[in-house]
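Below is one structure, written out as structure tokens; comments come after it.
Just so it is clear, none of the values below were taken in a lab; they were calculated from the coordinates. Being a predicted model, the structure only gives us computed values, none of them experimental. Virtual Cβ from ideal backbone geometry, glycine too; neighbours counted across all protein chains shown.
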């Protein structure tokens, strides 16, 4: 999370520039967290909620700004994925082109669902859009699903900020708790998938050996 002192400075800056640069800051924050996942864009989205509580912005305006930033960031990821898909490098440290194609086939099946919930998954959402670009999913479909996801999450986050009001510490703690829980779920699912594929890969040679007998 962003250091309290930095957050306070951003609060003061956005409040002083609510009619101009403050909106630009929130837009860029929503964009950057898609391109650079470690960036804590959700914290700055909470600042948008603070603007609503203070009566400096309307709820629809705050929602439009942060959602627009999310969609632009998602588009950048998608286009980067298209570029990478056409220029996948050969390296001992990376999957082969054949392995990549197999992974993309699986993503084409589950990708729309992942993109539809991407905004609720911290830190890894950018990879979904990269994969969407590499698998050449329809950009229109990708952005439509991304908009639904962004509107749902941003509405929830801004609504929570409005409900909590000016109690910044309580709101920050709520977001921290959710983020930790979401990361735990993501780690649990990833661990199950790793175990599944390891077990599956070990079973394949045995079944092949049985056929040769």
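With the simple model of a label 7 Å out from the Cα in the direction of the Cβ, residue 19 to residue 113 spans 4.9 nm. Say a paramagnetic label sat at a point 7 Å from the Cα of residue 84, along Cα to Cβ; which residues of the range 133-165 have their backbone N under 16 Å from it? So the set is 133-137. Of the three principal axes defined by the Cα atoms of the range 23-138, the extents in descending order read 55, 25, 19 Å.
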